[in-house]
Amino acid sequence: MVPLEELRFSGHALRQMARRRISRLEVAEALANPETTYPSAERPERTVVLGRAASGRRLKVVVTGARQTVVVTAADRDQVP
């Protein structure tokens, strides 16, 4: 598990999280509780994490970086875009 303090968030991630009302803590919890992880089809250096926050909220989080600590974007898997 990557501690919240070690996560970095791209500007895109922060904008999407604000729009979708996803907190940094929820992202950290989803990363700590992955259901599935796989490399991004478009950008193999990125990893897609399907995880669950402590509240039960199901999130899709895309990370990158040497230790997978840079959050590229986050979305609620149950929310229709």
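Every number in this text was worked out from the coordinates using simple rules, so none of it is lab data. Since we're looking at a predicted model, the values are computed, not measured.
Points to keep in mind about this one:
- Springs between Cα atoms under 10 Å define the GNM used for the chain, and in it the highest mean-square fluctuation of Ala28, Ala41, Ala13 occurs at Ala41.
- For the chain, projected area of the alpha-carbon convex hull averaged over all directions, nm²: 5.0
- Phi angles across the stretch 53-63 convert, under the Karplus curve 6.51 cos²θ - 1.76 cosθ + 1.60 with θ = phi - 60°, into 3J(HN,Hα) values of 6, 4, 6, x, 4, 8, 10, 10, 10, 10, 10 Hz, Gly and Pro given as x.
- Report summary: the helix-based calculation at 222 nm, which adds -39500 (n - 2.57) for every DSSP H run with n ≥ 4 and divides by the residues of the chain, gives -7000 deg cm²/dmol.
- Nonlocal amide H pairs with Thr69, under 5 Å, H built at 1.01 Å: Thr64
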